[in-house]
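Notes for the one structure printed next.
The values are calculated or read from the model by the stated rules, or taken from the named source; none is laboratory data. Quick caveat: nothing in here was measured; it's all calculated off a predicted structure. Cβ coordinates were reconstructed from backbone atoms using ideal geometry, including for glycine residues, and neighbour counts include every protein chain displayed. Surface areas here come from the heavy atoms of the whole protein model, side chains and all, with no ligands, DNA or RNA. Shrake-Rupley method; radii C 1.70, N 1.55, O 1.52, S 1.80 Å.
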Amino acid sequence: MKKFLGVLMVSSLVGLGAFSTVNKAQAASLTIDPTDTFLRTYADTTYYQGVNTIAGNTKAISLTDLGLKGGDSISLNISGKFNTSVWSPGQRSDMIGVFSTSDHLLDTSSKQRVVDAVALNQQDANQYNYTQNTWTSNTLFDSTASPDSTFDPGKNAYMCSDPTLSDPNRICGQQTLFDGVFGIFGETTLTIPTTATFLFLAVNDVFYSDNTGSILIDIDKTGTVDNLLSVPEPNAVLGVLATIALAFKMKRKQQIAK
């Protein structure tokens with residue numbers, strides 16, 4: 001009888017939504033083209049072995065299509081590496097991303113190309129956000145000369161010199177960083193901003209057209225809490241209260257019988 005009453009009580013609480021459910025699933029496995037970006041670019045073209053490559057535009061990823069929504073916890077897991085240049089081979093595996101309320105991407109001359117970008121929550125932002133003080137985000141080329149640049153007649157633009165490329169404070173190049181951009185290293189777990197419906201991804205670089213290869217990223221939903229306690233139906237509340245009352249009445253009769 002005690003076991004029966006316990007089951008009856010738990011069932012009633014579940015009916016009121018006192019318990020939450022956590023769902024886990026793999027959302028997608030994506031191949032990222034390292035020549036595509038959502039950042040501002042300038043003179044980002046590469047002519048190599050008879051082929052002229054221009055930096056492309058990142059395609060917005062619909063979170064709805066992946067079965068994801070704002071508030072979900074996800075894991076972004078990178079595998080593989082991309083080649084950073086056809087001229088001086090090297091490999092990297094880090095990426096950048098930004099959430100947005102739309103799939104709107106402005107032209108390459110705009111600083112905040114993802115016009116509807118939304119920021120991570122404060123905890124995730126403290127861990128993953130890029131800032132102008134910590135990340136070198138300026139373009140490799142610029143339209144005006146600076147002490148750290150040399151003129152490239154083929155592009156009719158000024159190229160920033162190698163010694164300053166990794167300096168977060170370099171003045172050469174045009175700024176590309178905007179609020180909401182975050183870094184992805186190996187496996188990164190974060191919460192999708194509440195209003196976000198799209199995700200933009202790109203490799204982490206300052207010049208894209210000379211990249212080759214590809215990089216893979218798995219997006220997994222690690223958890224979502226759907227708490228039904230918010231607005232229970234009136235009839236459901238009455239039914240649950242009646243069930244609880246019945247349970248107490250049965251328990252009282254059991255005590256009297258003893």
- Those residues of the range 74-90 that are over 16 Å from A202 (Cβ atoms), touching a residue at least 24 places away in the same chain (Cβ under 8 Å) and open to solvent by 30 Å² or more (accessible area, probe 1.4 Å) come to a total of 4
- Item | Residues (aromatic (F, W, Y) and closer than 29 Å to D220 by Cα) located in the range 158-206 | F178, F182, F185, F198, F200
- Item | Filter result for G56 (on the phi > 0 side of the Ramachandran plot and at pLDDT 95 or above) | no
- Message: For the range 119-137, check the following and say yes or no: at least one residue is of a type in the set (D, E, K, R), part of a loop (DSSP other than H, G, I, E, B) and at negative phi.
- Response: no
- Item | Residue match in the range 148-159 (condition: over 19 Å from D94 (Cα atoms), in contact with a Cys (Cβ under 6 Å, 6 or more places away or on another chain) and at pLDDT below 95) | yes
- Item | Entirely in the range 34-113, the strands (runs of 3 or more DSSP E) that have 3 or more residues that are touching a strand residue (DSSP E or B) at 6+ places or on another chain (Cβ under 7 Å) | 51-54, 73-79, 95-100
- Only one of these is open to solvent by 40 Å² or more (accessible area, probe 1.4 Å) and either more than 22 Å from P34 (Cα to Cα) or in contact with a helix residue (DSSP H, G or I) (Cβ under 7 Å, 6 or more places away or on another chain) (or both): Q122, Q112. Name it. Q122
- Can you tell me how many residues in the range 137-184 are in contact with a Phe, Trp or Tyr (Cβ under 8 Å, 6 or more places away or on another chain), of a type in the set (D, E) and under 29 Å from V115 (Cα atoms)? 1
- Query: For the range 133-151, what are the residues that are exposed (fewer than 13 other Cβ atoms within 10 Å of the Cβ) and not small (G, A, S)?
  - Reply: N133, T134, T144, P147, T150, F151
- All but one of (1) more than 26 Å from the chain's Cα centre (by Cα); (2) in contact (Cβ under 8 Å) with a residue 60 or more places away in the chain; (3) open to solvent by less than 60 Å² (accessible area, probe 1.4 Å) hold for N156; which doesn't? (3)
